[in-house]
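Working notes for the structure below.
Every read-out reported here was derived from the displayed coordinates using simple, explicitly stated rules and does not represent laboratory data. On a predicted model such as this, the values are computed, not experimentally measured, just so you know. Counting neighbours? That spans all protein chains shown, and the Cβs are built from the backbone with ideal geometry, glycine included.
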Amino acid sequence: MPRNTTCNIVILISGSGSNLQAFIDATAQGDLPANIAAVISNRPSAKGLDRAREAGIPAAALDHKSFDSREAFDSALRELIDGYEPDLVILAGFMRILGADFVRHFRGRMLNIHPSLLPKYPGLNTHQRAIDAGDSEAGATVHFVTEELDGGPPVIHARVPVEPGDTAELLAARVLEKEHRIYPLAAQWFAQGRLILNGNRAEFDGKALPASGYSFSGADL
Ligand code: GRF
């Protein structure tokens, strides 16, 4: 991503879109030097589509159920995204597994956020799994997307305590607050040309990031 051009972002969602909202707010406040070119959901009823429309951002639904195969959906989605010529694709609660060809096409310019301290708990039900394991802390991780599910190089993570008596819902809400801070920050770094994927490692200002990504302290913005 060259430093002196505006970063064009396409955001993929499936649901509420609270992370999308954090991106909308960060661009409106000038914290994120980027243009959200479009928001695309695989679920036509996703609340996040309304958030996009309210912010004046083009919003489209591409219903995976109307495709015969994963490959057909992936290729229609790829074509739709490419039409916006994004520098960066953001998966923000996008609940579809994307095929290897799709992932390779966007390699180095697609980020995901996962609600756990990766490499712990890839996949679903992360909060309940952390509680069941008796973990004292949980969190979220932003990572580059590679062919391995939730397995690409981490960029940044934030930790929260697991409190006595926590339910998955309470813990999820605590983690989500952090998600809203670290995800736009990672995108800001990318837009500034400071964050790149070099081979299979994430680099920030020309140096390899730690294996678990930068550790967010809260004083980073
Ligand atoms: C977040 O917890 C995110 O980490 C996960 O899905 C959730 C999406 O929430 N991948 P929202 O739609 O951004 O509110």
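Among Tyr214, Tyr183, the ranking by other beta carbons within 10 Å of each residue's beta carbon, starting with the fewest, stands as Tyr214, Tyr183.
Per-residue Cβ neighbour counts within 10 Å put Leu80, Leu12 in the sequence Leu80, Leu12, beginning with the fewest. Averaged over residues, the count of other Cβ atoms within 10 Å places the peptides 68-79, 112-123 in the sequence 112-123, 68-79, highest first. For the pair Thr167 and Arg129, the difference between a 0.36 nm per residue extended length and the Cα-Cα distance amounts to 12.6 nm. Using the beta-carbon distance between Ser215 and Asp101 and R0 = 30 Å, what value does 1/(1 + (r/R0)^6) give for FRET efficiency, to the nearest 0.05? Result of the calculation: an efficiency of 0.35.
Here the residues Phe67, Phe102, ranked from fewest to most Cβ neighbours within 10 Å of their Cβ, fall in the order Phe67, Phe102. With contributions of -39500 (n - 2.57) from each DSSP H run of at least four residues, the per-residue ellipticity at 222 nm computed over the chain stands at -9500 deg cm²/dmol.
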